[in-house]
């Protein structure tokens, strides 16, 4: 498996502000993804974080709202911009390790509450 | 497009009883299938996965799942449930090096 950490683990933010979530992996990985889990819901893919190029966003998610960086093979950030209460969710990063890319391992998640 | 259906939103079983969580998928090719568990306030932990070969796969914590191509199913089972198994269980389907598509989840409650 992979050891994945996310910061912050939780946060309470005010409407209109932005929050950057970090995802750190203990080894180089090829694939990194960002998911959102709204309260009581399943996981929805936000985007694929591509190393060295722009992220690939899913329908309904845009770069202006969820800018993503991936400067190297072990680290990525997701920013939730101009937040509203509807952005209150758990945000999870996942990785597919080199040699086992079909399997995704998840970080502990960041629990965000927007007031 | 691929999809996953978990028909049971909530299941309650007694401790020591057997468990089966249902999962049906829709996918055009041979899928990669996964079961994850999410305990309250935690991230997702991989229980088991199926790529190919033996259709009965063993996972962690005493769980197993059986892939049935004819029924497009990948049901999760455990012979004897423990109170610590209370959690949310997600079935997911993948397509190689791509993101996963998740089912809506089944919440398991364990009665003493």
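Couple of notes before you dig in:
- Being buried (at least 18 other Cβ atoms within 10 Å of the Cβ), modelled with pLDDT under 95 and within 28 Å of residue B:35 (Cβ to Cβ) holds for only one residue in A:98, A:103, A:110, and it is A:103.
- Residues that are modelled with pLDDT of 95 or more, over 30 Å from residue A:10 (Cα atoms) and not in a loop (DSSP other than H, G, I, E, B) do occur in the stretch B:40-57, at least one of them.
- Some residue of the stretch A:44-54 being outside any strand (DSSP E or B), within 14 Å of chain B (Cβ to nearest Cβ) and touching a strand residue (DSSP E or B) at 6+ places or on another chain (Cβ under 9 Å): yes
- Subset of the stretch B:91-112 [at the interface with chain A (Cβ under 7 Å from one of its Cβ atoms) and buried (at least 20 other Cβ atoms within 10 Å of the Cβ)]: B:94, B:99, B:100, B:102, B:103, B:105
- The stretch B:21-38 - residue that is in a loop (DSSP other than H, G, I, E, B), away from every other protein chain (no Cβ under 11 Å) and more than 12 Å from the chain's Cα centre (by Cα) and, of those, farthest from residue A:96 (Cα to Cα): B:28
- Residue in the stretch B:80-91 that is within 17 Å of residue B:103 (Cα to Cα) and assigned to a loop (DSSP other than H, G, I, E, B) present: no
- Some residue of the stretch B:13-20 being in a loop (DSSP other than H, G, I, E, B) and within 13 Å of the chain's Cα centre (by Cα): no
- Scope the stretch A:80-93; condition more than 8 Å from chain B (Cβ to nearest Cβ), touching a strand residue (DSSP E or B) at 6+ places or on another chain (Cβ under 8 Å) and buried (at least 16 other Cβ atoms within 10 Å of the Cβ); matching residues: A:80, A:83, A:87, A:88, A:89, A:90, A:91, A:93
- Residue that is farthest from residue A:27 (Cα to Cα), among those in the stretch A:95-110 that are more than 8 Å from chain B (Cβ to nearest Cβ) and in a strand (DSSP E or B): A:110
- Scanning the stretch B:43-90 for residues that are within 14 Å of chain A (Cβ to nearest Cβ) and out of contact with any strand residue (DSSP E or B) (no Cβ under 8 Å at 6 or more places or on another chain) returns B:52, B:53.
- Per the conditions (1) touching a strand residue (DSSP E or B) at 6+ places or on another chain (Cβ under 9 Å); (2) more than 14 Å from residue B:37 (Cα to Cα), the sole criterion not satisfied by residue B:108 is (2).
- Some residue of the stretch A:19-30 being part of a loop (DSSP other than H, G, I, E, B) and within 13 Å of chain B (Cβ to nearest Cβ): no
The values are calculated or read from the model by the stated rules, or taken from the named source; none is laboratory data. Keep in mind that what you see is a predicted model, and the values were worked out from it rather than measured. A quick note on method: Cβ atoms are made from the backbone with ideal geometry, for glycine too, and the neighbour counts reach across all protein chains shown.
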